[in-house]
Amino acid sequence: MSTILVLNWFTALSFLLFGKSCLHKPYMKREFDRYQLANFRVLVGILQLLGGIGLIIGYYYSSILWVFSSLGLAVLMILGTMVRIKIRDSFFQMTPALSYALLCLYILNEGLSMLFSN
């Protein structure tokens, strides 16, 4: 099994769980209140769900979908990291968002390589 396949599935499943959590968990409602972004919680949850689905479908069927899904998730996580910096969270608290941003950028790079090698 290839590394990119494992990373893609890990990332996709993570975002499916994050998206569901964002939509349904009271903890996430409190977190978005803390981020001062309560109005964006549902949108972020939906985008995370769509991104996770896009990573799975795109990997197998559409390089362009894979590229756009990984790009969208990378942007979400970069913005998430920026929010954490703005509200002065510790480096430890921003590590997950930063790690997922880098992971999505890696997947994006692989997707672009596949897209332009054909």
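The values are calculated or read from the model by the stated rules, or taken from the named source; none is laboratory data. The model shown is predicted, which means the values in this text are computed figures rather than measured ones. Virtual Cβ from ideal backbone geometry, glycine too; neighbours counted across all protein chains shown. Note: areas computed on protein heavy atoms with side chains; ligands, DNA, RNA excluded. Shrake-Rupley method; radii C 1.70, N 1.55, O 1.52, S 1.80 Å.
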Evaluation of Leu73 against (1) touching a residue at least 40 places away in the same chain (Cβ under 8 Å); (2) of a type outside the set (Ser, Thr, Tyr); (3) open to solvent by 50 Å² or more (accessible area, probe 1.4 Å) (one fails), failing number: (3)
Residue within the range 105-114 that is open to solvent by 70 Å² or more (accessible area, probe 1.4 Å), modelled with pLDDT of 95 or more and among the β-branched types (Val, Ile, Thr) present: no
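Out of curiosity, is Glu31 in a helix (DSSP H, G or I), under 20 Å from Thr11 (Cβ atoms) and charged (D, E, K, R)?
No: the conditions fail for Glu31.
So which residues in the range 84-104 are of a type outside the set (A, V, I, L, M) and surrounded by 13 or more Cβ atoms within 10 Å (Cβ to Cβ)? Before the answer, list the steps.
Narrowing the range 84-104 to residues of a type outside the set (A, V, I, L, M): 84, 86, 88-93, 95-96, 99-100, 104.
Passing the criteria: Arg84, Asp89, Thr95, Pro96, Tyr100, Cys104.
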Test: residue in the range 76-83 that is exposed (fewer than 13 other Cβ atoms within 10 Å of the Cβ), part of a helix (DSSP H, G or I) and among the polar types (S, T, N, Q): no
Odd one out for Leu55 among (1) open to solvent by 50 Å² or more (accessible area, probe 1.4 Å); (2) out of contact with any Gly (no Cβ under 8 Å at 6 or more places or on another chain): (1)
Residue ID - nearest to the chain's Cα centre (by Cα), chosen from residues in the range 24-53 that are farther than 20 Å from Cys104 by Cβ and of a type in the set (A, V, I, L, M): Val42
